[in-house]
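Reviewing the structure listed below.
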Amino acid sequence: MRRVVALRLQAALATAAIAGTIGMVLPGIQASAASGSATGYATSNGGTTGGSGGQTVRATTGTAIHAALCSRASSSTPITIEVEGTINHGNTSKVSGGSCNTADGVIELKQISNVTIIGVGSGAVFDQLGIHIREASNIIIQNVTVRNVKKSGSPTSNGGDAIGMESDVRNVWVDHVTLEASGGESEGFDGLFDMKNNTQYVTLSYSILRNSGRGGLIGSSESDLSNGFITFHHNLYENIDSRTPLLRGGIAHIYNNAYINLHESGINSRAGARAKVENNYFKDSKDVLGTFYTDAAGYWQVSGNTFDNVTWSSPGSENNPAGPNPQSNTTVSIPYSYSLDGAACVPDIVRQTAGADKGLQVSNGNCSPQTPTATPTSPTPTASPTPTISPTPGGTNLSIGAGSDGSSKADGTSYGNVRDGNMSTYWSPAGSTGDISIKWSSAKTVSRINIREASGSTGAIGSWQVINADTGAVLKSGSGAGAITLAPTSLSKITLRIASSTGTPKVAEFETYAG
């Protein structure tokens, strides 16, 4: 039985609806009002600038936020919405228009792009009202509090998620926010920060997540492996039962966070997920890293972390804690630059900087906070991440030679190009996903494969599964091309199933090895 979170929010829930409509466009402001620039994976895939370059409007109700979105010339016209006051069910209604797709009882950022929502003035509180990002890109949310969003009871909003992202979401930066509940699932709450169904290139920074049963997840099930490239840094997780985060498939970079009073489990890497976990501070907590509640293993690379009064459970069939002496079992290559604070000073740094209404202070990388410069410039597009999985295998490539062949689904170019030893030829599916296989006239034992992407498409492959096509069993799940180690398996056909990609993937070679 899940432990009920005991602590309650200190602030009284606001009940008065604040009337208001969109304010006048602020004169002379052309760039985003957001302070600082996006960090982490949100800087990849072209970068995240939100409403930079567009109009800035003021909103004091949820209806006014929706009206601002609907008043744009198009669904991609940049806009910055400055929010002040309490946003709740009483002042949040659906607004219609050609540049929006909104709904009652939730802040709906659906089928849109190039938007910044930032709290200003005396602060912005989304009270029992979630923020839902769906089929959207280039979104910034900064300096707001979202509290007590419920999935059951009354009122309900956003499936119980404070901030939820799903269905083809790209490039979101959430910064200096406070996300909090008043209990766990039995009290009607769900996750504070959830991502699912093909959500990628997201950063959560300088934020507080507290007093909840669930911190958040990446992937809604063991088959939802299309999410990834998520950065968590300088956040405070406090009084949380589990999921800080739960990561299914994909890649996460988790650094300089403070974790205090995690009751059941913390970073839960599973179903082939890979997490780089460095210079974090864990205190008064249980099972802060590992694979939990499943036999579908995940992986981690650890360095520089501090474990202060952390307890670890014993390993079991569905329980694989990383401790009591956490060691790396994978490597993850990070495609962006970043500065690390020493783990020992992380609790002090996040107490001073994380959360809404803290003056948007950040660390300077030397264990000291500093105020960021305002107004980001347009980003320089960066290459898609190219994570390293493991060293390139050696030996005889079983994909080439007598008795071997290929096959593919999702049409595309010739599957024979993946087994010709020529990096200048490649197979691509007709779209962004598809299956490519190597098969033999008699069974082969395969323990390693190597997926090589064609020149100019490196990093395009996102999440994948390796499947024993003889039985349908999933042998491995993960993200990013490269060398992959399997349990030695005898089979006559092996399939790489590409579940997500940025653009059209191009597989130059699908190499298979016995050892």
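A few points about this structure:
- Taking the conditions (1) open to solvent by 50 Å² or more (accessible area, probe 1.4 Å); (2) on the phi > 0 side of the Ramachandran plot; (3) of a type in the set (S, T, N, Q) in turn, Gln327 satisfies each one other than (2).
- Those residues of segment 248-307 which are more than 19 Å from the chain's Cα centre (by Cα), farther than 27 Å from Ile467 by Cα and aromatic (Phe, Trp, Tyr), in sequence order: Tyr281, Phe282, Phe307
- Taken together, the residues in segment 435-450 that are out of contact with any Leu (no Cβ under 6 Å at 6 or more places or on another chain) and open to solvent by less than 10 Å² (accessible area, probe 1.4 Å) amount to 5.
- Selection status of Gly472, loosely packed, with under 15 Cβ neighbours inside 10 Å and over 30 Å from Ser221 (Cβ atoms): no
- Scanning segment 72-99 for residues that are of a type in the set (S, T, N, Q) and either in contact with a Gly (Cβ under 7 Å, 6 or more places away or on another chain) or over 16 Å from Asn114 (Cα atoms) (or both) yields Thr77, Thr80, Thr86, Asn88, Asn91, Thr92, Ser93, Ser96.
- Of the residues examined, Ser390 is one that is modelled with pLDDT under 65, open to solvent by less than 70 Å² (accessible area, probe 1.4 Å) and more than 30 Å from Asp175 (Cα to Cα).
- Flag for Ala73 being out of contact with any helix residue (DSSP H, G or I) (no Cβ under 7 Å at 6 or more places or on another chain), surrounded by fewer than 24 Cβ atoms within 10 Å (Cβ to Cβ), in a loop (DSSP other than H, G, I, E, B) and at pLDDT 95 or above: yes
- 3 or more residues farther than 16 Å from Pro78 by Cα and open to solvent by less than 10 Å² (accessible area, probe 1.4 Å): qualifying strands (runs of 3 or more DSSP E) within segment 98-149: 113-127
- 1 or more residues open to solvent by less than 10 Å² (accessible area, probe 1.4 Å) and of a type in the set (Gly, Ala, Ser): qualifying strands (runs of 3 or more DSSP E) within segment 211-287: 228-233, 236-242, 251-255, 258-262, 267-270, 274-278, 281-286
- Across segment 282-294, not a single residue is classified as more than 18 Å from Ser242 (Cβ to Cβ) and of a type outside the set (A, V, I, L, M, F, W, C).
- Answer residue from segment 338-370, given it is small (Gly, Ala, Ser) and farther than 25 Å from Ile118 by Cβ and is least open to solvent (accessible area, probe 1.4 Å) among those: Ala343
- Among the residues of segment 398-409, at least one is at pLDDT below 80, over 20 Å from Gly480 (Cβ atoms), assigned to a loop (DSSP other than H, G, I, E, B) and open to solvent by 50 Å² or more (accessible area, probe 1.4 Å).
- Residues (over 27 Å from the mean Cα position of the chain (by Cα) and under 15 Å from Ser408 (Cα atoms)) located in segment 437-469: Ser437, Ile438, Lys439, Trp440, Asn468, Ala469
The values are calculated or read from the model by the stated rules, or taken from the named source; none is laboratory data. Model, not experiment: these values are computed from the prediction. Neighbour counts run over all protein chains shown; Cβ positions are idealised from the backbone, glycine included. With ligands, DNA and RNA removed, areas are computed over all heavy atoms of the protein, side chains included. Shrake-Rupley method; radii C 1.70, N 1.55, O 1.52, S 1.80 Å.
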